[in-house]
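The structure appears below as structure tokens.
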Amino acid sequence: MTKKVKHHSEEAKKKMSLARKGQKPWNKGKKGFIPWNKGKFLSLEIREKISKAHLGKPGWMLGKHWSPEMRKKLSEAHKGQVGPNKGKHFSEKARENMSKAHLKFYAEGGIHPRKGKQANKPAWNKGLNKEIDVRLKKASEKQKGKKISEETRKKLSESHKGKHLSEQAKEKLSKAFKGKIPWIKGRHHTEETKRKIQEKNKGKHSGWIKGMHHTKETKEKMGKSHKGQLVSNETKKKISEAQKGEKAHWFGTHQSDEIKLKKRLEWLNLPSEIKAERLRNSLKKTGKHPNSMEQKLIKLFEEKNLPYRYVGNGVFFVNGKNPDFVNTENRKKVIEFCGKYWHSEQIKKRTRPAEEEYLKSHYSEQGYSCLIIWEEGLRDLNKLFEKVKEFDSN
């Protein structure tokens with residue numbers, strides 16, 4: 001007795017396909033037809049049996065692909081149709097019930113109805129990459145050259161706005177990534193890649209944040225989050241080395257005269273208290289201390305008992321300006337020491353007489369007398385002593 005054939009042969013399938021061509025389905029265009037299985041559901045036991053029966057077997061569509069013509073037909077057929085679930089959302093209670101049911105199902109060793117495997121098992125592609133897996137390599141090659149349109153980017157941006165991870169989710173992510181080495185660690189762009197990036201960004205603005213400003217609320221949050229954080233000396237050294245010379249991102253760039261003027265005007269219009277606070281913080285960070293020439297003046301004033309002390313480290317300000325020396329007898333007298341480089345015409349953009357006039361007028365507006373000592377004055381300390389004594393006695 002011969003065995004019954006379980007499947008049609010390829011030749012039989014072809015004949016059946018040709019015979020059906022041009023025929024219309026008996027139920028095409030008919031409304032109100034109710035399928036025999038509507039409202040019926042398979043029990044968990046049957047589902048599990050079906051799942052086990054299909055385990056390890058390739059899907060009937062595996063390795064097959066729709067032809068471009070067929071894809072076009074499917075696309076045209078579905079145009080204008082609204083998805084059955086569009087605009088519908090599960091209630092919070094329904095979501096919670098679904099979550100509990102799934103957790104219980106998988107905790108008891110349940111098998112995923114579609115994937116056909118236990119949910120607590122690791123993902124199939126865990127630990128794989130395109131170098132060692134053909135499937136991932138094909139997927140990577142398929143995505144090459146594809147670009148996301150501006151419309152899609154806008155939609156993605158809008159869909160993510162206002163969304164924030166819960167503290168529980170953050171904690172889970174933190175635990176999941178602990179001890180793992182970042183994929184980019186130790187990798188560097190090749191010279192060719194760097195050149196391509198440079199060419200692509202030519203003519204574009206310097207950064208995505210250019211022209212944007214943080215709100216007052218955001219600034220306060222950032223300030224609070226950074227309070228108490230200290231950078232180690234080792235980290236400071238690394239940052240310093242990374243920004244030296246040609247490594248610095250601003251190397252070779254210069255501010256335009258327009259920007260310099262704008263910043264200068266902004267600084268002049270600031271209240272004196274804010275100026276003093278900013279300068280004080282700046283000097284504190286840089287660890288400003290008297291240079292070798294200022295130390296000579298300190299020594300001279302101490303030896304000759306002249307009533308002036310060094311305040312150039314940001315401990316005293318006069319309308320936003322920090323003088324080098326101030327009178328210790330509560331008289332409104334200050335001394336400014338001017339080095340030939342930092343107070344030169346090249347740096348200050350004004351001549352020496354103009355620089356002297358500017359400093360004296362600034363202090364005189366606040367009722368202070370100002371003596372200016374230039375670097376060349378240190379060559380003859382006796383002459384300098386007489387000059388300071390005369391200024392103090394007037």
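The values are calculated or read from the model by the stated rules, or taken from the named source; none is laboratory data. Please read these numbers as outputs of a predicted model, since none were measured by experiment. Positions of Cβ are backbone-derived with ideal geometry, glycine not excepted, and every protein chain shown enters the neighbour counts.
Within segment 37-54, no residue that is basic (K, R) sits with its Cβ atom under 7 Å from a residue that is surrounded by fewer than 10 Cβ atoms within 10 Å (Cβ to Cβ) at 6+ positions apart or across chains.
Put simply, of K216, K260 the only residue that is under 30 Å from E375 (Cβ atoms) and charged (D, E, K, R) is K260. Applying the condition of being surrounded by 13 or more Cβ atoms within 10 Å (Cβ to Cβ) and in a helix (DSSP H, G or I) to segment 335-356 and asking which residue is nearest to the chain's Cα centre (by Cα) yields K348.
For K247, the conditions (1) modelled with pLDDT of 85 or more; (2) more than 30 Å from F317 (Cα to Cα) are fulfilled apart from (1).
Matching residues to (1) of a type outside the set (F, W, Y); (2) assigned to a loop (DSSP other than H, G, I, E, B); (3) at pLDDT below 85:
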{"residue": "S174", "(1), (2), (3)": "yes, no, no"}
{"residue": "R187", "(1), (2), (3)": "yes, yes, no"}
{"residue": "I197", "(1), (2), (3)": "yes, no, no"}
{"residue": "G203", "(1), (2), (3)": "yes, yes, yes"}
{"residue": "S206", "(1), (2), (3)": "yes, yes, yes"}
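Checked against the criterion of being over 30 Å from L62 (Cα atoms) and free of Cβ contacts under 8 Å to residues at least 24 places away in the same chain, the candidates G145, G162 yield just one match: G162. Every condition in (1) in contact with a His (Cβ under 8 Å, 6 or more places away or on another chain); (2) at pLDDT 85 or above is met by M98 except one, and the failing one is (1). For beta carbons closer than 7 Å, sequence separation of 6+ or different chains, a first residue in segment 367-382 that is exposed (fewer than 14 other Cβ atoms within 10 Å of the Cβ) and a second that is among the basic types (K, R), the qualifying pairs are G367/K332.
Filter segment 308-334 down to residues that are assigned to a loop (DSSP other than H, G, I, E, B) and of a type in the set (K, R) and give me whichever is surrounded by the fewest Cβ atoms within 10 Å (Cβ to Cβ). The qualifying residue surrounded by the fewest Cβ atoms within 10 Å (Cβ to Cβ) is R331. Considering segment 367-394, and only residues there that are assigned to a loop (DSSP other than H, G, I, E, B) and modelled with pLDDT of 90 or more, the residue that is nearest to E302 (Cα to Cα) turns out to be D380. Please work out which one of (1) over 28 Å from K260 (Cα atoms); (2) modelled with pLDDT under 90 is the condition I298 fails and give its number. The one condition I298 does not meet is (2). For segment 64-88, what are the residues that are surrounded by fewer than 10 Cβ atoms within 10 Å (Cβ to Cβ), in a loop (DSSP other than H, G, I, E, B) and among the hydrophobic types (A, V, I, L, M, F, W, C)? Selection gives V82 alone.
Of the set (1) within 25 Å of the chain's Cα centre (by Cα); (2) outside any loop (DSSP other than H, G, I, E, B); (3) exposed (fewer than 11 other Cβ atoms within 10 Å of the Cβ), all apply to K238 but (3).
I need the full set of residues from segment 251-307 which are assigned to a loop (DSSP other than H, G, I, E, B) and not polar (S, T, N, Q), in order please. Across segment 251-307, the qualifying residues are F251, G252, H254, L270, P271, G287, K288, H289, P290, K304, L306, P307.
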